[in-house]
Amino acid sequence: MAAIVKEPWEIEIMRDAGRIVADGLEMLEGMVRPGVSTAELDGAFEKFVVSRGAYPTFKGYRGYVASICASVNEEVVHGIPSFDRKLAEGDILSVDAGATYKGYVGDSAVTFPVGKIGERAARLLDVTRGGLEAAILAMGPGVRLSRICRTIQQYAESRGYSVVKKYVGHGIGREMHEDPQVPNYVIDNYEFILKPGIVLALEPMVNEGTDDVRVLKDQWTVVTKDGGWSAHFEHTVAVTPTGRDVLTRRRNEKNG
Ligand code: MF3
Ligand code: CO
């Protein structure tokens, strides 16, 4: 297992990796509209990342064939891009993407509205984004990791939503998935104290209905059991001596 605590020079490389992911997602945001297929978005992201001297981390990870995950509406995470999956007005599209640069990984996800979306969908996006931002604000040296987990869970549940339990956030560095795991809910006896140099991918997956999920026959796509819609926002965040530093912030990003 790679070192959990990163040196400042490692964080600087991770900042570059994070910038590439952020810029790639921002580019995709400009492409998301009714009629676009998720495979077109995947191709554009891969091309972009390679043009920046990086590698699309997901490609080849545990046999995964694409560079992004593209999950629509009731799909939670790990949707496989396809030319047959064309976006429609009112859909929500969760794009999860990674880039490996000089041996370090950046990982980020956003749920985009496709055209004009309904009020219910808009609220789901706001609550999921808000939970991530609340968790980011709670990060800092000396903070218990369990507080980050609780922050996300309370933010979503107090607003009438559920958090997915089956998939979790994670430490990140030379590998996409490092210790510690970062559940979006409180688990008993989970003690881990944040300190400068720890880098986490925080990634709430929030459902309208039940938190129960299942995997489709393609062996990747995770969907809600009740067909309710789901949103996913993720940032790679470093703990600093005085607080936190979001390494995958998009320049045009609306937070909070
Ligand atoms: N980015 C996801 C995560 O946050 C993992 C993607 S799985 C892959 O953990 F196979 F698509 F890479
Ligand atoms: Co992740």
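Ala201 fulfils the conditions (1) under 21 Å from Ile20 (Cα atoms); (2) more than 16 Å from ligand 1 (Cβ to nearest atom); (3) of a type in the set (Gly, Ala, Ser) except for a single criterion, (2). Can you name the residue in the stretch 154-173 that is over 22 Å from Thr248 (Cβ atoms) and more than 16 Å from ligand 1 (Cβ to nearest atom) and is also most open to solvent (accessible area, probe 1.4 Å) among such residues? My answer is Gln154.
Among the residues of the stretch 209-239, the ones that are within 16 Å of ligand 1 (Cβ to nearest atom) and not hydrophobic (A, V, I, L, M, F, W, C) come to 8 in all. In the set (1) crowded, with 20+ Cβ neighbours inside 10 Å; (2) hydrophobic (A, V, I, L, M, F, W, C); (3) closer than 30 Å to Glu12 by Cβ, Trp229 fails one condition alone, (3).
Beta carbons closer than 7 Å, at least 6 apart along the sequence or on distinct chains, pair a first residue in the stretch 83-109 that is in contact (Cβ under 8 Å) with a residue 24 or more places away in the chain and within 16 Å of ligand 2 (Cβ to nearest atom) with a second that is among the acidic types (Asp, Glu) and part of a strand (DSSP E or B) for Asp96/Glu234; Gly98/Asp107; Asp107/Glu234; Ser108/Glu234; Ala109/Asp96; Ala109/Glu234.
Scan the stretch 1-24 residue by residue and report those that are in a helix (DSSP H, G or I), buried (at least 23 other Cβ atoms within 10 Å of the Cβ) and touching a helix residue (DSSP H, G or I) at 6+ places or on another chain (Cβ under 9 Å). Within the stretch 1-24, Ile20, Val21, Gly24 qualify. Taking the stretch 69-186 as the region of interest, the strands (runs of 3 or more DSSP E) fully inside it that hold 3 or more residues being farther than 21 Å from Gly24 by Cβ are 178-182.
The values are calculated or read from the model by the stated rules, or taken from the named source; none is laboratory data. The structure presented is a predicted model; accordingly, all values stated were derived computationally and were not measured. No Cβ is skipped: glycine too gets one built from the backbone with ideal geometry, and neighbour counts run over all protein chains shown. With ligands, DNA and RNA removed, areas are computed over all heavy atoms of the protein, side chains included. Shrake-Rupley method; radii C 1.70, N 1.55, O 1.52, S 1.80 Å.
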